[in-house]
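The values are calculated or read from the model by the stated rules, or taken from the named source; none is laboratory data. Worth saying up front: this structure is predicted, and the values here are computed from it rather than measured. Virtual Cβ from ideal backbone geometry, glycine too; neighbours counted across all protein chains shown.
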């Protein structure tokens, strides 16, 4: 039986990641890339799908764990009746190989440590050929199946019914390293690494990265940890930001809402970029912009809502029938059919993020501005079309108000690029189209009977994505229409004793799926931001305290939370949950008069926007 989602911690090398549960088991790892076929997949089935356990033989042993401060080096201290050991787990940075290191160090007395290793390549469809190499002084286990191999060094394993076991007694002062490295099977096994050097370099790298973070305020620790997770999910070479490290962790346990999130959504990546660059990470902005230029190069008509980590366009969705799924939730999916959807809001997300980068000093070049002009040209031709919306509705396309507002934002940022930065473009046409979209939303996207913006033009339902409208500058947070929308969201979408927010009411039947779901954490963080921006600071902090309280012991958040049990639901760690946490913390800081890296658009009388700089000073004064 898989551990609970919140029992996991992530270790990673900015190429891929592994999840380690509280019991000392790695039950999810895709090597050598986030979206590669799994090597360990017990999280989506049972131990026969692949796992690597390392813990004391004493089943009554207790464990406490934490990250080495400002790193993804995980340390677990195990206590038994006979002694205490420390387990340090990490993936070496800059090693250019997918390596997992598990170091055991004796702290007191003696502890018998037991390892169980089941290597199952290709989502547990490939049972490898395993053989022992080396000698007692340098033992190694070699496993191969098709294109993949791993070599495990440091301890002698013994075969036992399609698994391998190793037992060693660790005494005070002893150090035992077990190192697993993935490599292409057509190559020779890589040479051993120097674990001491790799550990020191990995810690130094993470410390140097987090040392650039500009964070303060009541939620500084949570912000720093969230930024670290966002960096961990940014591919070191391509710059692509994956939405999560996992696939098929259910939104509705036992139901069909199980999706593969190991890809790059333009929306999520754009918002992650905004969080990173607003806190001092301009290099990440340049890296991501390079990814974007490559991924969407070509005809703007071919722009997708999501891509592979290197910009791959084909992400066909298929099911792994042999895996039982997390907590019996089938199907287990690889790929994501939503890549074929049209979601008009992504154009606004991308153009807004690139405009933020521009305002923060990331210089345009001929190619980057030409790309933005091409995107705007496409939006000019297609802005009136309905879409599938931010939540990837699998029902008919509709005119979703959030999508329409993001189309407005696309034209607004085009106008701002010309007016504020002197770039070339048909500014009069963009301004006219921006005004036309606003007029349409004012007429069709606002329900005067309910006094609230509506989810789409053919319903009186609300949607949590409407909380984004003030963030992009479409209206002010204290606009009476926005306050009415917040009241309706509070009435219709808040659930549980703490009032967490659903994305929308699944009972309305718009999404084309069966079943229901739990509160979506990003939506609750959006409500925190709205509260703070509209003067409800105490309400913002009260809800924020609840939300950060749902983070697990190492600060991770998944996609949703079960308010009845407190259990995490959905894929993890969820980039959208962590980036909206950062934005919410920044909003509270602004409301409290403290410096903040995040940016808020300020509506102007002409229908356009200006923005705060992030240090509390306005780039322009509202007219």
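Annotation: residue 516 fulfils all but one of (1) at pLDDT below 95; (2) under 30 Å from residue 358 (Cβ atoms); (3) part of a loop (DSSP other than H, G, I, E, B); (4) in contact with a helix residue (DSSP H, G or I) (Cβ under 9 Å, 6 or more places away or on another chain); the unmet one is (2).
Summed over region 354-388, residues that are at pLDDT 90 or above, in contact with a helix residue (DSSP H, G or I) (Cβ under 6 Å, 6 or more places away or on another chain) and not in a helix (DSSP H, G or I) total 2. Anything in region 252-267 that is in contact with a helix residue (DSSP H, G or I) (Cβ under 7 Å, 6 or more places away or on another chain) and under 25 Å from residue 311 (Cα atoms)? List them, or say none. Matches in region 252-267: 266, 267. Restricting the first member to region 549-568 and to residues that are in the same structural domain as residue 585 (by TED's automatic domain parsing) and modelled with pLDDT under 95, and the second to residues that are surrounded by fewer than 18 Cβ atoms within 10 Å (Cβ to Cβ) and part of a strand (DSSP E or B), the beta-carbon pairs closer than 8 Å and six or more apart or on different chains are 563/495. Taking residue 96, is it in a helix (DSSP H, G or I) and in the same structural domain as residue 12 (by TED's automatic domain parsing)? No, not satisfied. In this entry, residue 214 is excluded by the filter for residues that are touching a residue at least 60 places away in the same chain (Cβ under 8 Å), surrounded by fewer than 22 Cβ atoms within 10 Å (Cβ to Cβ), under 22 Å from residue 92 (Cβ atoms) and under 21 Å from the mean Cα position of the chain (by Cα).
Does residue 66 meet the test of being farther than 21 Å from residue 247 by Cα, modelled with pLDDT under 95 and surrounded by fewer than 24 Cβ atoms within 10 Å (Cβ to Cβ)? Against the criterion (farther than 21 Å from residue 247 by Cα, modelled with pLDDT under 95 and surrounded by fewer than 24 Cβ atoms within 10 Å (Cβ to Cβ)), residue 66 does not qualify. Counting only residues that are assigned to a strand (DSSP E or B), over 27 Å from residue 194 (Cβ atoms) and touching a residue at least 24 places away in the same chain (Cβ under 8 Å), region 117-134 holds 1 of them. Answer with yes or no whether residue 217 is in the same structural domain as residue 548 (by TED's automatic domain parsing) and farther than 30 Å from residue 325 by Cβ. Here the answer is no, as residue 217 does not meet what is asked.
Within region 1-38, being closer than 20 Å to residue 163 by Cα and touching a helix residue (DSSP H, G or I) at 6+ places or on another chain (Cβ under 6 Å) holds for 2, 21, 27, 28, 37, 38. Is at least one residue of region 302-313 modelled with pLDDT under 90, assigned to a helix (DSSP H, G or I) and closer than 26 Å to residue 370 by Cα? Among the residues of region 302-313, at least one is modelled with pLDDT under 90, assigned to a helix (DSSP H, G or I) and closer than 26 Å to residue 370 by Cα, which makes the answer yes. Filtered by the rule that a residue be at pLDDT below 75, over 27 Å from the mean Cα position of the chain (by Cα) and assigned to a loop (DSSP other than H, G, I, E, B), region 591-605 gives 604, 605.
In the set (1) assigned to a loop (DSSP other than H, G, I, E, B); (2) under 22 Å from the mean Cα position of the chain (by Cα); (3) farther than 30 Å from residue 519 by Cα, residue 209 fails one condition alone, (1). Of the set (1) within 19 Å of residue 149 (Cα to Cα); (2) not in a strand (DSSP E or B), all apply to residue 29 but (2). Go through the residues of region 162-177 one by one and say whether even a single one is loosely packed, with under 15 Cβ neighbours inside 10 Å and out of contact with any strand residue (DSSP E or B) (no Cβ under 8 Å at 6 or more places or on another chain). No, region 162-177 has no match at all.
Residues checked against (1) part of a helix (DSSP H, G or I); (2) in contact with a helix residue (DSSP H, G or I) (Cβ under 7 Å, 6 or more places away or on another chain):
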position	(1), (2)
224	yes, yes
236	no, no
243	no, yes
250	no, yes
269	yes, yes
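Taken together, 288, 265 contain a single residue that is surrounded by 23 or more Cβ atoms within 10 Å (Cβ to Cβ), under 19 Å from the mean Cα position of the chain (by Cα), touching a residue at least 24 places away in the same chain (Cβ under 8 Å) and farther than 22 Å from residue 521 by Cα, which is 288. Filtering 61, 41, 36 for residues that are at pLDDT 95 or above, closer than 18 Å to residue 558 by Cβ and assigned by TED's automatic domain parsing to the domain that holds residue 172 leaves a single hit, 41.
Restricted to region 135-186, and to residues there that are part of a loop (DSSP other than H, G, I, E, B) and without any contact (Cβ under 8 Å) to a residue 12 or more places away in the chain, the residue that is farthest from residue 118 (Cα to Cα) is 137. Answer with yes or no whether residue 414 is touching a helix residue (DSSP H, G or I) at 6+ places or on another chain (Cβ under 7 Å), in contact (Cβ under 8 Å) with a residue 40 or more places away in the chain and on the phi > 0 side of the Ramachandran plot. In short, no. Counting the residues of region 364-400 that are buried (at least 17 other Cβ atoms within 10 Å of the Cβ) and closer than 26 Å to residue 560 by Cβ gives 10.
The numbered conditions (1) surrounded by 15 or more Cβ atoms within 10 Å (Cβ to Cβ); (2) not assigned by TED's automatic domain parsing to the domain that holds residue 86 are all true for residue 194 except (1).
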